[in-house]
Structures are given as structure tokens and as C-alpha cells.
Amino acid sequence: MVNSGKKISVGYIALLLAVIIALFWKVILNPTYVLWSPVSEITTETVYWDNFRYESMNKYGQFPLWNPQSFSGYPFIGTHWAKLLYPTNLMYLFVHSANLYGFVFLLHFFLGGAFVYLFMRKIGVDGFCSFISALVYALSLKHAYYVLAGFVGREVTILALPLLFYLIECYFQSKKIDP
């Protein structure tokens, strides 16, 4: 039987955050520092749509429901560019997007690692091994590739997968199975 009563160590979470901050030191000192390739998805697509949403909110005071700038126009709110359901995307409504991408990547690296740590603790792995697992996950080559390619949306998947595993494990551990 798995011991689900393992305590979460704030020290390991803080150490993980310190490692991620050390990795992103240039972004913290200079928020407009570019982490991604000049021909990445951020520069070719994402910046355009984020700026469209930002200007619509700040110039006209409304969320863009319609995009008249592509083809003959199409509904903007129904596309993945609207990004309504992801909490960090609310920042893009009020702050220019070029200043946020580095911080969003930093947040994704940290939260992905933190959720791996929580999941590992939930399944009964000791604190140090859970921290190492979180560190390996957060600093994986897949993350670096997504940053270089500018795939902000795919980083959300990397962050959400360990959270999903953690929540599923919480669900199954909370169920009482009678023989």
C-alpha cells in the first residue's frame, strides 16, 4: 500500500524555484531578452495574435470577438489564439506580449517541475528523489526545444501532464475500496 501521508517539503520546492530562476537569470534582469529563435513560432504567429488581442483591449476596451485582418475575417474568440481558458494568458490582455514570454516559460518550467514533485510525493517516493525527478523533468531537453522553437502552447501540455497524473492519483487514493 502506498503511503499518501508523506509531507511536502517547501525547501525542495524553493530549491527547484532557485534553479529555474538561475536558468532564467537573463529574463529576470532584462524582461525583453529573447530566449527563442528569431524564426520561431513566437515571432511568426504568436506575437501577432497576442498584440492583436492586447491592442483591441487597450485601444477599444473590448475583447476581440472578430478578426478582420485574415482572409475576409473570422471569429477570433473561438480560435486557439483567443487563449481564454489558460490563467497566465490573462496577463497578455494588459501587458505587451514581448515582455511576458520569458516569464511564462519560467513559470511553466517551475510549475511542471513542482507538479512532478507533488506527484512523486503522492505515490510515496522520498523527498530527495522527488526533487531529483522534478529537476530532471523541468530541465529536460524537450523544454529547451520548445523554448527555442517558441512553442508557448506546447509548454502548457508539459506543465499540465504531471498535474493530471497528480490529480488522478489523488482521486484513486481518496476512494475507499471495500473487499
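The set of residues in segment 38-77 that are open to solvent by 30 Å² or more (accessible area, probe 1.4 Å) and at pLDDT below 70 comprises Pro38, Val39, Glu41, Thr43, Thr44. Residue count for segment 141-169, restricted to those that are open to solvent by 40 Å² or more (accessible area, probe 1.4 Å), aromatic (Phe, Trp, Tyr) and in contact (Cβ under 8 Å) with a residue 40 or more places away in the chain: 2. Taking the conditions exactly as written (small (Gly, Ala, Ser), exposed (fewer than 15 other Cβ atoms within 10 Å of the Cβ) and under 23 Å from Tyr12 (Cβ atoms)), does Ala138 satisfy them or not? Taking the combined requirement at face value, the residue does not satisfy it. Put simply, of Lys83, Lys7 the only residue that is under 17 Å from Gly150 (Cα atoms), among the basic types (Lys, Arg), at pLDDT below 80 and part of a loop (DSSP other than H, G, I, E, B) is Lys83. Applying the condition of being of a type outside the set (A, V, I, L, M) and open to solvent by 40 Å² or more (accessible area, probe 1.4 Å) to segment 95-108 and asking which residue is modelled with the highest pLDDT yields Phe103. In the set Ala160, Ala144, only one residue is closer than 19 Å to Thr46 by Cα, among the aliphatic types (A, V, I, L, M) and not in a loop (DSSP other than H, G, I, E, B); that residue is Ala144. Taking the conditions (1) modelled with pLDDT under 75; (2) over 25 Å from Ala160 (Cβ atoms); (3) among the hydroxyl-bearing types (Ser, Thr, Tyr) in turn, Tyr92 satisfies each one other than (2).
The values are calculated or read from the model by the stated rules, or taken from the named source; none is laboratory data. Every value quoted in this text rests on a predicted model; they were computed, and no experiment measured them. Every residue, glycine as well, gets a Cβ built from its backbone with ideal geometry; the counts of neighbours run over all protein chains shown. Remember, those area values only see protein heavy atoms, side chains included, never the ligands or the DNA or RNA. Shrake-Rupley method; radii C 1.70, N 1.55, O 1.52, S 1.80 Å.
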